[in-house]
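To keep things clear, I will list the structure first and then write my remarks on it.
The values are calculated or read from the model by the stated rules, or taken from the named source; none is laboratory data. Keep in mind that this is a model prediction, so the values were computed, not measured. Reconstructed Cβ throughout: ideal geometry from the backbone, glycine too, with neighbour counts over all protein chains shown. These area figures cover heavy atoms from the full protein model, side chains too; ligands, DNA and RNA do not enter into them. Shrake-Rupley method; radii C 1.70, N 1.55, O 1.52, S 1.80 Å.
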Amino acid sequence: MQALAILLRAVLLPVVLAIAASGSTPGAAQAQSVNPTKNAVSEQELLQRENSIRGLGKIPDTKSYTLEQPAGRDWRHFHEVTLRWIGAVAILGVIVLLVVFYLSRGMVRIEAGRAGRTIVRFNAFERFVHWMTAVCFVILALSGLNITFGRPLLLPMMNPESFTVFSEWAKYAHNFLSFPFTLGVVLIFLMWLGGNLPTRVDLEWLKRGGGIIGDDHPPAYRFNAGQKLIYWVVVLVGGAAAVSGYLLIFPFYGTTIATMQQAQMVHSIVAMLFIAAMLAHIYIGTIGMEGAFEAMGSGAVDLNWAKEHHSLWLEEEGARGRTAPSQPQPTIVTGQ
Ligand code: HEM
């Protein structure tokens, strides 16, 4: 009996060990990957190995099973650090440049003085579209900047309740004004496309510094190269802001969390550059150039202003019989 036991141990033990060893092979392979249900797995280890940590759920919206995803931390770093730097450098940089430029160059004056006679430059509809888009832009910019900078800049100066109420209203304004803003960008595109296609005259205008640097008056049609640049920024950058913004307003229509993070990055970077570009536009339309604001204010500009800044346009208007600058007249107010 004892001999049988010894025999069984001698024969069976290696067999049992072999089975155990072969059974442990998949286990060893599993040890390479992470078992999220194992108690001792650290969160850090999981985040390094997995794209996202997902739980189990029963509701149909499977996106909600995602508990953590490392890309969210990268995105948060972009939002709280990188974007703030991009915004601050772009916006403050342009403000500093404009102040330096204004202090060294001053306002571009109408060299020949005012003629005292005017010509219509933008009709009522064009001015309405411009101001509708501009007002929406300013509110979109301020309400958007509140999302980026409000917490570090405004919150310390306000009580938290007021900041919450302000931010909530700002967010509503941002969402709802996006619609008239987009309409404005589309109308601007259609309304002024004809005058904003590049021509040879633009090269000459650029070579001569546009008359802004120095006291030159290079010829230009209705829009000079600088204005054309602003037009295309509004159309292309405004268009990019709108498309990326709508991807965020209407989440998960063909987007995932990852693509929405990308849309947010595009939207916010584009917005900062847009604000910087528009600051330059606002500068030249107000304190940067005498007589420019009137074009979008009353719609009519002084004839000498038109002669100095848009001589070819003035000739065209004359040829169309819309004005006769050479004939002395008290005030010429013509329609487009
Ligand atoms: C059709 C136009 C637009 C739409 C649909 C739109 C939509 C949005 C949405 C949904 C957000 C995210 C808000 C949130 O995180 O709660 C946002 C953020 C933002 N938007 Fe717009 N937007 C538009 C135009 C603009 C324009 C023209 C500007 C600037 C001039 C702008 C500047 C910003 C900024 C700075 C942010 C904050 C970025 C951040 O810190 O996350 N947006 N926008």
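What to note about this one:
- Ordering of 273-279, 53-59 by packing is 273-279, 53-59, highest average first (other Cβ atoms within 10 Å, averaged per residue).
- Applying the Karplus relation 6.51 cos²θ - 1.76 cosθ + 1.60 with θ = phi - 60° to region 240-250 yields 3J(HN,Hα) values of 5, 5, 5, 4, 5, x, 5, 4, 7, 5, 10 Hz, where x marks Gly and Pro.
- Globularity index of region 79-191, i.e. its alpha-carbon radius of gyration over 2.2 N^0.38 Å: 1.45
- Whole-number D in µm² s⁻¹ for region 197-336, Kirkwood Cα-pair radius fed into Stokes-Einstein, 20 °C, 1.002 mPa s: 121
- Mean shadow area of region 106-166, taken as a quarter of the surface of its Cα convex hull (nm²): 7.9
- Distant-in-sequence amide H partners of residue 68 (H built 1.01 Å from N, under 5 Å): 53
- Backbone geometry of region 293-298 corresponds, through the Karplus equation with coefficients 6.51, -1.76 and 1.60 at θ = phi - 60°, to 3J(HN,Hα) couplings of 4, 4, 4, 9, x, 7 Hz, x marking Gly and Pro.
- For region 218-281 versus region 144-203, the gap between their alpha-carbon centres in whole angstrom: 10
- Taking other residues whose beta carbon is less than 10 angstrom from the beta carbon of residue 296, and scoring Lys, Arg as +1 and Asp, Glu as -1, yields 0.
- Mean Cα-pair separation over length for region 152-302, i.e. relative contact order, pairs under 8 Å, 6 or more apart, %: 16
- For the Cα trace of region 167-242, dividing Rg by the Kirkwood Rh returns an Rg/Rh value of 1.15.
- Region 122-132 - phi-based ³J(HN,Hα) in whole Hz, Karplus 6.51/-1.76/1.60, Gly and Pro as x: 10, 7, 4, 5, 4, 5, 4, 4, 4, 6, 4
- Note on region 130-289: Rg/Rh from Cα positions, Kirkwood definition for Rh, rounded to two decimals, is 1.05.
- Interchain or long-range residues, amide H under 5 Å from residue 121's placed H: 300, 301
- Nitroxide proxy distance, nm - points 7 Å out along Cα→Cβ at residue 112 and residue 204: 1.7
- The residues of region 71-187 present an accessible area of 60 Å² per residue when probed at 1.4 Å with all protein chains retained.
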